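Colleague: Input: one structure, supplied below.
The values are calculated or read from the model by the stated rules, or taken from the named source; none is laboratory data. Just so it is clear, the structure is predicted and the values come from calculations on it, not from any experiment. Note that we place each Cβ from the backbone using ideal geometry, even for glycine, and neighbour counts take in every protein chain shown.
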Amino acid sequence: MNFCKKSENTYNRSFSSSVKNALEGVVHTLKAERNMRVHFLAGFFVLIVGVYLNLNAIEFMALLFAITFVLVAEMMNTAIEYSADLISTEYDPKVKLIKDIAAGAVFVSAMNSMVVGYILLAKRIDWHMTGTFSFIKQSPWSITLIVFLIVVGLVLFVKIIRKEENLLCGGMPSGHSAVAFSVWVIISMFTENVLASVLVFFLAVIVARSRIVSGIHTLWEIIAGSVLGTLVTVLVVQLLS
């Protein structure tokens with residue numbers, strides 16, 4: 001799937017084109033709407049806390065659904081606002097009411113997510129902090145998930161701050177390079193196998209080089225992504241293990 005190519009036909013689109021267009025909608029909302037960025041960062045942080053507190057599968061799904069509900073409501077609100085502005089460029093009480101109802105839907109979903117978050121997280125933070133931290137220390141997959149969430153989140157955050165045109169393809173820093181070198185650090189630190197570390201390092205270099213060869217990233221974008229993925233992973237692993 002290549003997200004960098006432009007769709008030439010808006011009708012009878014392939015599955016990859018449909019996914020690409022959907023992702024462009026998500027990216028546009030993140031770049032254009034401050035509230036969407038706030039909700040996204042808050043949800044991202046809460047998911048990390050959920051992993052840290054070792055929520056069970058049902059609790060984690062409930063938390064994920066609550067966060068997704070808010071993001072979907074915010075995107076629908078944005079789409080309704082754009083549609084309302086196309087209908088009328090002047091003040092209209094009915095158009096205002098439409099926008100208010102859409103904003104109300106976001107408010108309701110946000111209140112729901114706050115209640116769900118409080119029920120699942122608030123008391124566990126005090127009751128299970130020590131036990132959960134010990135579990136994470138002994139659980140490489142938990143640390144790995146937290147590392148990947150942080151690395152990907154930082155890459156997207158930097159691209160949003162820099163107002164890159166495409167968050168998924170190109171721009172500073174390279175997300176593929178960041179993840180590839182993050183994987184290298186995790187495998188090196190957890191396996192302590194020199195051969196495995198060397199092989200994964202060369203795979204990470206191949207991934208980074210492929211982004212340059214394909215013209216998607218510049219050398220400095222690759223270096224920035226590689227350094228970010230490496231340093232963040234080392235820091236997080238050292239803090240949690």
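Colleague: Looking only at residues that are in contact with a helix residue (DSSP H, G or I) (Cβ under 6 Å, 6 or more places away or on another chain) and polar (S, T, N, Q) in segment 166-212, which one is nearest to residue 149 (Cα to Cα)?
Modeller: Taking the candidates together, the pick is 182.
Colleague: Note down all Cβ pairs under 6 Å where the first residue falls in segment 79-96 and is part of a loop (DSSP other than H, G, I, E, B), the second is surrounded by 10 or more Cβ atoms within 10 Å (Cβ to Cβ), and they're at least six residues apart or on different chains.
Modeller: Partner pairs satisfying both residue conditions: 88/95.
Colleague: Could you tell me which residue of segment 11-44 is nearest to residue 149 (Cα to Cα), considering only residues that are surrounded by 12 or more Cβ atoms within 10 Å (Cβ to Cβ) and small (Gly, Ala, Ser)?
Modeller: 43
Colleague: So which residues in segment 158-205 are over 20 Å from the mean Cα position of the chain (by Cα) and closer than 12 Å to residue 226 by Cα?
Modeller: 184, 185, 201, 204, 205, listed by residue number.
Colleague: Given the conditions (1) farther than 16 Å from residue 42 by Cα; (2) modelled with pLDDT of 85 or more; (3) loosely packed, with under 13 Cβ neighbours inside 10 Å; (4) not β-branched (Val, Ile, Thr), report the number of the one that residue 96 does not fulfil.
Modeller: (2)
Colleague: Let me ask you something else. Residue by residue through segment 211-227, note down the ones that are among the β-branched types (Val, Ile, Thr), in a helix (DSSP H, G or I) and more than 18 Å from residue 183 (Cα to Cα).
Modeller: Those that are among the β-branched types (Val, Ile, Thr), in a helix (DSSP H, G or I) and more than 18 Å from residue 183 (Cα to Cα): 212, 213.
Colleague: For segment 47-67, which positions are of a type outside the set (A, V, I, L, M, F, W, C) and under 16 Å from the mean Cα position of the chain (by Cα)?
Modeller: Answer for segment 47-67, where residues must be of a type outside the set (A, V, I, L, M, F, W, C) and under 16 Å from the mean Cα position of the chain (by Cα): just 50.
Colleague: Go through 227, 232, 185 for me and flag whichever is surrounded by fewer than 16 Cβ atoms within 10 Å (Cβ to Cβ), within 30 Å of residue 52 (Cβ to Cβ) and modelled with pLDDT of 85 or more.
Modeller: 227
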